[in-house]
Structures are given as C-alpha cells and as structure tokens.
Amino acid sequence: MVSERELRSAILLAILTFIVFPILPAHPVDPWGLIEPRSNWASVVIIAGIGFVNYILMRLFGPRGLEITAFFGGLVNSRKVIVELGTRFKEMGSSVLSPVQRGILLATGAMLIRNGLIVAVLASQAAVRCVIPLLLMLLASAVLWRLVPTGPSEGAAAPLRLESPFRLSAALKFGFVFLLLNVTGALAQRQFGPASFYFVSMAGGLLSSASSIAAAATLMARGEISAAVGINGIVLATLTSVLANIPLVQSLVPGKALKRRINFELVGIAATGLLGVLLNEVVFRFAT
C-alpha cells in the first residue's frame, strides 16, 4: 500500500520534472553565460529520480539484510550509509563486523555506478572515456567485497534507517552545490586553466561527488571545458569522494584492525582509479 508520504513525494517529483523543468530558460540568463537554468535543473531531476527509483526497488524487494540496503543507499549517498554502518557496528559489535565491511564496499560500488550514470545522461559523448577508470574502481570494489568473508551476523538483517523517497530540501541542496560548482568550475577554467578546474572538482568531491560530476558533465556538454579536462575532473572528484570516507571510518568504526582493513580497501579502490586514468591516456593517445 502506498503511504501518504510516498504519494506526496511522487507528486512533487512529477511537478519538478514535468511542470517546472519545461518552463525554465534553456539558455544562459547571466551576462557571463554561466547559469543555464534548464540544464542545471535537469541534474537535480536526475539525482532525485535515481533516489526515487532506488526507494521503489527497496519497497518491491524489501530490505533483505544490511548489505542490500547499503548498496541501495549508496546509489543516493554513500557517505550517509557509512555513517549508518559505523553507528550500527558501535551498537551491535562484532556480530555485524563482516556485513559492515562488505556494506561499505557495496555502498562505494553503488556510488561509482551512480556517477557513471550521471555522466552517461549529461555528457553521453564523453562517457566512453570514463569507462576505464570507473570500471576498474568498480571491479576493485567487487573483488574486495568478495574477499570479505560473510560469517555469522546476528541482527544483520535489520534494515538501515534510510531516508524517505524524495525530499525537496535534499534536492535543493544538491542543486545549490551543483550550481556553485558549475559556476566556480567554469570561471576557474576560463581564468586559470585546467589545474584550477581540477582543484574545484576535488573540492566538490568532498562536498558531493554527484554534484561535482554533474557540473563537470554539464560543462563538457556546453563546451566550457574539453572532454579530457572534464573526464579528469570527474575521476578526481570520484577519487576524492572515496578517500574522504577514510576520516569517517576513523571516527565511527571502533577497532584498529577493522579500520586498517577498510582504509586499505578504500585506498586500493582509489589507486585503481589512478591506474585507470593512466590507461585512459595510453588508450586514447593511440586511438587518435
């Protein structure tokens, strides 16, 4: 049965998609050509849509254990999932040790899938050049996840406390961060070149990798930055987002041994992303 909250969320998302989006200007509205309302709002709708579909899948299939809900939650916000997993470990101790470690890897992998989808939708012509680094990071996450033993886990079937299907405040927050990164990234590229754009991308990865990647993809689609610069920015934002989870693990997960294992895994995933960047350079240099 559909709850009142779910129905309200669906109606609000439909209004934002089919009423607000079409009436927004499809051209820059500022003298510097930095703010294009319709393309900016499209990113908000895409992220909100991913979250809503994710919620529906959870309703259809049920939160079958901590790991599955960690994956679904990672599609929206991997950092919040890690916070929740750390809290669950503090509450339940070693009984959920393996599911917590596996859940963090699943949430990280889901974040990589989401970032790839954002690039594919907003800058499809450049998406192929993101495949190698993102796919290597995803494969690293999957391999590390498989290497963690399942083990007995009392209480692991309790679902994570994830948020409602759609919240306007969360969508607007994403939109604000996206707009800020979009404008800052374009100005940085115009004034100081690619190096400054990379710095903005990494800073964006600390705040929201989805916002940073959507901004880079939009700037590529508009021709503000080259495909090579945009793709490097996307990968850097993703790497930063992965590594930014290490302080969270340090502060939330008790036990030095578990902290070391998880941090090693996150660093390993980021390292494969850097390897992917180098392979990208080799592959596309020979291709051209």
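The values are calculated or read from the model by the stated rules, or taken from the named source; none is laboratory data. What you see is a predicted model; the values in this text were computed from it and never measured. With ideal geometry, Cβ positions are generated from the backbone for all residues, glycine too; neighbour counts draw on all protein chains shown. Accessible surface areas use protein heavy atoms only, side chains included; no ligands, DNA or RNA. Shrake-Rupley method; radii C 1.70, N 1.55, O 1.52, S 1.80 Å.
Taking the highest mean first, how do the peptides 7-18, 270-281, 226-237 order by number of other beta carbon atoms within 10 angstrom per residue?
Numbers: 7-18: 14.5, 270-281: 16.8, 226-237: 24.1.
Packing proxy ranking, top to bottom: 226-237, 270-281, 7-18.
Enumerate the calculated ³J(HN,Hα) couplings along segment 252-261 in order (Karplus 6.51 cos²θ - 1.76 cosθ + 1.60, θ = phi - 60°), each rounded to whole Hz, writing x wherever the residue is Gly or Pro.
9, 9, x, x, 5, 5, 5, 4, 4, 5
If you roll a 1.4 angstrom probe over the protein chains with everything in place, what fraction of the accessible area of segment 202-256 belongs to carbon and sulfur, to the nearest %? Show your work: numbers first, answer last.
Values: 1130 of 1650 Å².
Solvent-exposed carbon and sulfur of segment 202-256 make up 69 percent of the total.
Can you compute the modelled spin-label distance between ALA203 and VAL83, with each label point 7 Å from Cα toward Cβ, in nm?
Distance between label points: 2.2 nm.
Just subtract the alpha-carbon distance of LEU24 and ALA195 from 0.36 nm times their residue separation and send over the number in nm, one decimal. Kindly include the intermediate steps, with their values, before the conclusion.
Details: separation 171, 0.36 × 171 = 61.56 nm, distance 3.23 nm.
Length gained between LEU24 and ALA195: 58.3 nm.
So what are the ³J(HN,Hα) numbers for segment 227-236, from phi and the Karplus equation (6.51, -1.76, 1.60; θ = phi - 60°), rounded to whole Hz, Gly and Pro as x?
With the stated coefficients, segment 227-236 comes to 4, 4, 5, x, 5, 4, x, 4, 5, 5 Hz.
Explain nothing, just the number: relative contact order of segment 173-225, from Cα pairs under 8 Å at least 6 residues apart, as a whole percent. Write out the running numbers ahead of the final one.
On the way: 49 pairs, mean separation 23.5, N = 53.
Relative contact order for segment 173-225 comes out at 44 percent.
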